[in-house]
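Each reported figure results from applying straightforward, stated rules to the coordinates on display, with no laboratory input. A quick note: this is a predicted structure, and the numbers were derived from the prediction, not measured. Glycine also receives a Cβ, built like all others from the backbone with ideal geometry; neighbour counts cover every protein chain displayed.
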Amino acid sequence: MPFSSANLAALIQGNSFTLWQYRTTDSRATVTAAGYFAAVAGSLKPGDLMVLQTADAMALLPVRSGPALGTGVTLDGAVGPINTVRSVAQRFSFGQAAAAVVRTIILAPFAAGIVAGTTIPVSATVLGPVSQVVFSLRDGSGAVIPPVRVVPVVGGGASASFPTPAIGTGYRIRVEDAADPSLGVLSRSFNVGPDLKLILAESDGRLLSEAGDVLKQ
């Protein structure tokens, strides 16, 4: 819209200075264009200030010769509708505490030579949270020879026994945690030999069998 003198008002007047106020629905660019205030050029003097309220800004501008307005200071720009933005942030944290747990299985030593027809007693000392252990007898190739003994740990120990296997060499005993087979220990190899059942006769210094037969040396 064109300039309207009805919207121009002098707020403060002095001998050489006037503070003007002008309101309009025009944009700031339109109002500050050359010739907009030509109709009141006689009233606007260089050095005056104008509080300008336009459709898109509010500014304090100096009046120059012409009368033209300087760049001045923008007090406020165009303001759009208020938008409310809500955001929800969830925080998640995870903590882990670790402590060392000692578990040890110690297999008790036993004879390196076992006589056929007897039993093989085995025992182990257990430290830490182990409730059951598994004893197994293995041949020279590492294969398990039944039966396998699953034994509860009582008072820090466990024990079992095995019937002697066939006469041979390279046998071993293994004991392990029933819940964690990676925790275990394997014995040294041992042999199973025949029972000679010899009787040493005092007479003639000869070795005899139980049946009385002479064993040649």
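Where both residues lie in the range 1-140, what percent of DSSP beta bridges are antiparallel, nearest 5?
Values: 20 of 25 bridges.
If I count the DSSP bridges inside the range 1-140, around 80 percent turn out antiparallel.
With a 10 Å radius around each residue's Cβ, average the other Cβ atoms per peptide and rank 16-24, 178-186, 46-54, highest first.
Details: 16-24: 16.0, 178-186: 12.7, 46-54: 18.3.
Going from most to least packed, we get 46-54, 16-24, 178-186.
What list of ³J(HN,Hα) couplings, whole Hz, do you get for the range 26-38 from phi and the Karplus terms 6.51, -1.76, 1.60, once you set θ to phi - 60° and write x for glycine and proline?
Values, residue by residue: 6, 7, 4, 4, 5, 5, 8, 5, 4, x, 5, 9, 4 Hz.
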